[in-house]
Amino acid sequence: NAGVTQTPKFRILKIGQSMTLQCTQDMNHNYMYWYRQDPGMGLKLIYYSVGAGITDKGEVPNGYNVSRSTTEDFPLRLELAAPSQTSVYFCASTRGLAEPYEQYFGPGTRLTVT
Amino acid sequence: KQEVTQIPAALSVPEGENLVLNCSFTDSAIYNLQWFRQDPGKGLTSLLLIQSSQREQTSGRLNASLDKSSGRSTLYIAASQPGDSATYLCAGRSYGNKLVFGAGTILRVKS
């Protein structure tokens, strides 16, 4: 199993540009999550999904959109990038409301908006 | 709303020392608590997960405890090594299977 994979690893965007961060998991997990981590801070939840076709907002959803058309993929879309979106983005997954409850994380995407 | 706090923010110890990292949470209605390790520029690696019905979990030199009544969890690292140097994050799982993270403790073990 590759676990949770994310692409790209690094990206520099200009203000106002758009991009999609890709996330794929091969563990047949129902729940998937997007977090952002700012320097010196913990992770904050952007969006999450409990299954294909179902998504919901987390703590900091403004400026982002998600979709979940398959169990495996959970892309995060940034529209009109702003400097405040400079951060490291992590995707995670877990089986769901059954053991094991552990969340498994991807390696992250480091995004800079200038 | 669940809030998670970690103390200290940074810790520097000599090799071989036993140490304790602290995590506190405001909402005792927590389903489980997970400790992670994060190396610089890397993702998160799960270390230990304690269910709300458990008091502690052990893995090698690591021991994590959970006290829901006081809203606290501790991560004990025995006989610390330079390879233990990393940021340690705790996260509580609340309703909806969502994790709320602390800001982390940056650990440096000096050889």
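Residues that are of a type in the set (A, V, I, L, M, F, W, C) and surrounded by fewer than 21 Cβ atoms within 10 Å (Cβ to Cβ): does the range A:30-38 have at least one? No: zero hits.
For the range A:64-94, a residue qualifies if it is buried (at least 16 other Cβ atoms within 10 Å of the Cβ) and either touching a Gly at 6+ places or on another chain (Cβ under 8 Å) or at pLDDT below 95 (or both), and the qualifying residues are A:Arg68, A:Thr71, A:Leu78, A:Ala81, A:Gln85, A:Val88, A:Tyr89, A:Phe90, A:Cys91, A:Ala92, A:Ser93, A:Thr94.
Counting the residues of the range A:1-38 that are out of contact with any Pro (no Cβ under 9 Å at 6 or more places or on another chain) and in a loop (DSSP other than H, G, I, E, B) gives 14.
Within the range A:55-63, can one find any residue that is away from chain B (no Cβ under 13 Å), exposed (fewer than 13 other Cβ atoms within 10 Å of the Cβ) and touching a Pro at 6+ places or on another chain (Cβ under 8 Å)? No, every residue in the range A:55-63 fails to be away from chain B (no Cβ under 13 Å), exposed (fewer than 13 other Cβ atoms within 10 Å of the Cβ) and touching a Pro at 6+ places or on another chain (Cβ under 8 Å).
Conditions tested, residue by residue: (1) within 13 Å of chain A (Cβ to nearest Cβ); (2) under 23 Å from A:Ala92 (Cβ atoms); (3) within 15 Å of the chain's Cα centre (by Cα).
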| residue | (1), (2), (3) |
| --- | --- |
| B:Gln6 | yes, yes, yes |
| B:Glu15 | no, no, no |
| B:Leu19 | no, no, yes |
| B:Asn22 | no, no, yes |
| B:Ser46 | yes, yes, yes |
| B:Ser53 | yes, no, no |
| B:Glu56 | no, no, yes |
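When only residues in the range A:45-54 that are of a type in the set (A, V, I, L, M, F, W, C) and surrounded by 20 or more Cβ atoms within 10 Å (Cβ to Cβ) count, which is nearest to A:Ile15 (Cα to Cα)? That would be A:Ile46. On the stretch given as the range A:3-25, residues that are in contact with a Ser or Thr (Cβ under 8 Å, 6 or more places away or on another chain) and either within 11 Å of another protein chain (Cβ to nearest Cβ) or modelled with pLDDT under 95 (or both) total 5. Within the range B:91-107, the residues that satisfy the criterion of being crowded, with 24+ Cβ neighbours inside 10 Å and more than 7 Å from every other protein chain (Cβ to nearest Cβ) are B:Ala91, B:Gly92.
Candidates B:Ile30, B:Ile77: the one that is of a type in the set (Val, Ile, Thr), within 14 Å of chain A (Cβ to nearest Cβ), closer than 30 Å to A:Cys91 by Cβ and surrounded by 15 or more Cβ atoms within 10 Å (Cβ to Cβ) is B:Ile30.
The values are calculated or read from the model by the stated rules, or taken from the named source; none is laboratory data. Keep in mind it's a predicted model, so treat the numbers as computed, not measured. Here the Cβ is made from the backbone with ideal geometry for all residues, glycine too, and neighbour counts use every protein chain on show.
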